[in-house]
1. Once the cut-off is 16 Å, how many percent of the Cα-Cα pairs in the range 58-108 end up in the long-distance tail?
2. Round to the nearest 0.05 the FRET efficiency obtained for Leu126 and Asp92 when R0 = 22 Å and r is the Cβ-Cβ distance.
3. Taking the Cα centroid of the range 106-150 and of the range 11-48, what is the distance between the two, rounded to the nearest whole Å?
4. Where does each of His131, His155 land when they are ranked from fewest to most other beta-carbon atoms within 10 angstrom?
5. Taking the Cα centre of the chain as origin and charging only Cβ (+1 Lys, Arg; -1 Asp, Glu), how large is the dipole, in debye to the nearest 20?
6. 222 nm [θ] for the chain, helices only, -39500 (n - 2.57) per DSSP H run of 4+, per residue, to 500?
7. What does the extension gain come out to for Leu117 and His155, with contour length at 0.36 nm per residue minus their alpha carbon separation?
8. Ratio to report: Rg/Rh of the range 69-150, with Cα atoms as the point set and Rh obtained by the Kirkwood method; give two decimals.
Amino acid sequence: MSVVSSTVMTRGVVFIHSAPAALCPHIGWALESVLGEGVRLEWTPQPLGRSFVRTEVAWVGEPGTGARIASAMRGWDSLRYEVTEEASPGSDGSRWSHTPALGIHHTWTSANGDAVLNEDRIRAALRAGDHSALRRELDVALGTAWDLELDPFRHAGDGQPTRWLYRVS
């Protein structure tokens, strides 16, 4: 009798919206350490910053890979990046957003990519009291400030190719 392995897999995308060119090899090495394979990133100029470059790469791996990627890049404060991970059986989808001014933000995501607020975050926002405090708390939970800062960088890369990487366990 043979035993069949049924490893759950998911996929996501790493968007490096802006990075100093000197960090490019380090970003590649961080991705390689998480994905367990060589990574060749194609860097293009970031139109919103003369000394910045951008890239994006799609990945396939086990649930939790997105969190490991975001953690591997968390120490580089000069980066603007997002890491997404699609939902998989037993795991919610997620998005990690990072900007130099705001640091890192995590949110759960639905199948279409919308931010999902869990019960605890909604209750915490309601405890804030008045209407303006509730709005501030919901903006923090939704990552509104991160979206506002990253949006121009997201659109500056429109039309750039996406490469796929696969992690084999």
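1. Of all Cα-Cα distances in the range 58-108, 36 percent exceed 16 Å.
2. About 0.50, to the nearest 0.05.
3. 28
4. Arranged by neighbour count, lowest to highest, His131, His155 become His131, His155.
5. Numbers: 16 positive and 20 negative charges, 54 e Å.
That gives a dipole near 260 debye.
6. So the calculated ellipticity at 222 nm is -10000 deg cm²/dmol.
7. 11.1 nm
8. Working: Rg = 13.7 Å, Rh = 13.6 Å.
Ratio value, two decimals: 1.00.
Any read-out appearing in this document is the output of simple, stated calculations on the displayed coordinates, not a laboratory observation. Given the structure is predicted, the values throughout are model-derived calculations rather than measurements. Quick reminder, even Gly has a Cβ in these numbers, built from the backbone with ideal geometry, and neighbours come from all protein chains shown.
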